[in-house]
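Just below is one structure, and these are the notes that go with it.
The values are calculated or read from the model by the stated rules, or taken from the named source; none is laboratory data. Since the structure is predicted, the reported quantities are computational estimates derived from the model, not experimental observations. Side chains are part of the model used for accessible areas, which takes the heavy atoms of the whole protein and leaves out ligands, DNA and RNA. Shrake-Rupley method; radii C 1.70, N 1.55, O 1.52, S 1.80 Å.
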Amino acid sequence: MRTQIRQHLSAVAAKTLLAVFLTSLTSCAMPTKPAPTTDEIATAYVKLVLALGQHDADYVDAYYGPADWRQQAESSDRDLGSIAAEADELSTAVDNSAINDLDEMELLRIVYLDKQIASLAARVAMLRGDRYSFDEESSALYDAISPRNNEAHFAELIEQLEALLPGDGSVAERYNAFRSDFVVPPEQLDAVFRAAVDEARTRTRAQLELPEDESFTIEYVTDKSWSGYNWYQGRYRSLIQVNTDLPIFIDRAVDLAAHEGYPGHHVYNVLLEQHLSNERGLVEFTVYPLFSPQSFIAEGSARIPQRQHRRGGCRRLAAKLRVDDTRQRRATHALHRPVPRLRHQLQPRPRHGGRPR
């Protein structure tokens, strides 16, 4: 019996050694596929964003890459499962990148692509039915979690506003009554907004060098869930739409000009196209997925200068439009109060399908 067992084990061992030997011969005869380059990963990422855009109409906010890539996405009819699988493959390729051999720019590209691809995978999962908490979703899509403030924090701000507002009634009622003096009449909206754009452009060009042929078109629209939106179209051109269904306050005109135009979304996209896409040939910046860390950066970059422009911007705007001095002083003084952030909590804001505007 023992002799039979030894013979059987010897036969099994021989077969195992033969299998290993044959496998080694096969691997030598068939060289492994080389790891994709950063450019190849970036190209695959852009095409994957366009493919996902076929399942989510809001996902691709801007694209100015090769037209045939968009056409391929429209005709390929890829399902979410195959998009998820390729996103996983790209993530693995990024993880396997030989980062020690990369220069600073290439390393930054790898980090950027890693975040963007992970966000894309999360969006695919959501479209396939996965559900997240608010913090989980913001982390997965935007690689950021909003700060937390307790009720006492907001109660203190409301108390400050309570002491500042004239009249009777609740804080919200008095706030809205006070703000009503500064609504731009519809017939003056175009003049006010263009004056705000001119001032914002002048200030921006004093600080930044922009392409001479950059520009944008302004349109006034209705039946939208946002107050303003920038649609970047490539070649240093944007379409900025302003929703006239919502009241536009004098400070909001400055906000929109700075946030959507100069030095906000329009300038952000112009500089990306000029310096990263055109000069460096980084194809990943020819597409702008709305639900992504890139979008979070774009919104932040548009919010900071928006606040800077408001300092004195209303005064200059009023002067250009020859607004009555008394109302001008009241508007400027009101807009420099220490609690302007409360306006977002005191005014009802419609849901906007995920668009961070």
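Annotation: amide H of VAL60 within the under-5 Å range of LEU290, sequence separation 5 or more or interchain, hydrogens built in the peptide plane.
Coupling constants for segment 223-236 follow from the phi torsions by the Karplus curve (6.51 cos²θ - 1.76 cosθ + 1.60, θ = phi - 60°), and in residue order they are 6, 10, 8, 10, 8, x, 8, 9, 10, 7, 10, x, 6, 6 Hz; glycine and proline get x.
Percent relative contact order of segment 184-275, based on C-alpha pairs within less than 8 angstrom and at least six residues apart?
On the way: 124 pairs, mean separation 32.1, N = 92.
It comes to 35 percent, rounded to a whole number.
Ligands, DNA and RNA left out, the accessible area of segment 43-121 computed with a 1.4 Å probe is 47% carbon and sulfur. Distances between every pair of Cα atoms in segment 64-211, grouped in 5 Å steps from 0 to the bin holding the largest one, split as 1, 7, 8, 8, 10, 9, 12, 13, 12, 9, 7, 4, 1, 0 percent. The gain in end-to-end length when the HIS55 to SER139 segment is fully stretched comes to 28.1 nm, 0.36 nm per residue minus the alpha carbon separation. Here's how it looks for TRP231: its modeled amide H is under 5 Å from those of LEU239, ILE240, GLN241, which are all 5 or more places away or on a different chain. Probing with 1.4 Å while keeping every protein chain in the model, the per residue accessible area of segment 103-192 equals 61 Å².
Averaged per residue, what accessible surface does segment 203-250 expose to a 1.4 Å probe, in Å²? Before the final figure, lay out each step's value.
Details: 2570 Å² over 48 residues.
Accessible surface, normalised per residue, equals 53 Å².
Under a 5 Å amide H cut-off, with hydrogens placed 1.01 Å from N, VAL221 pairs with VAL242, ASN243, THR244 among residues at least 5 apart or on other chains. Shown in residue order for segment 239-247 are the 3J(HN,Hα) couplings computed by the Karplus curve 6.51 cos²θ - 1.76 cosθ + 1.60 at θ = phi - 60°: 10, 10, 10, 10, 7, 8, 5, 9, x Hz (x for Gly and Pro).
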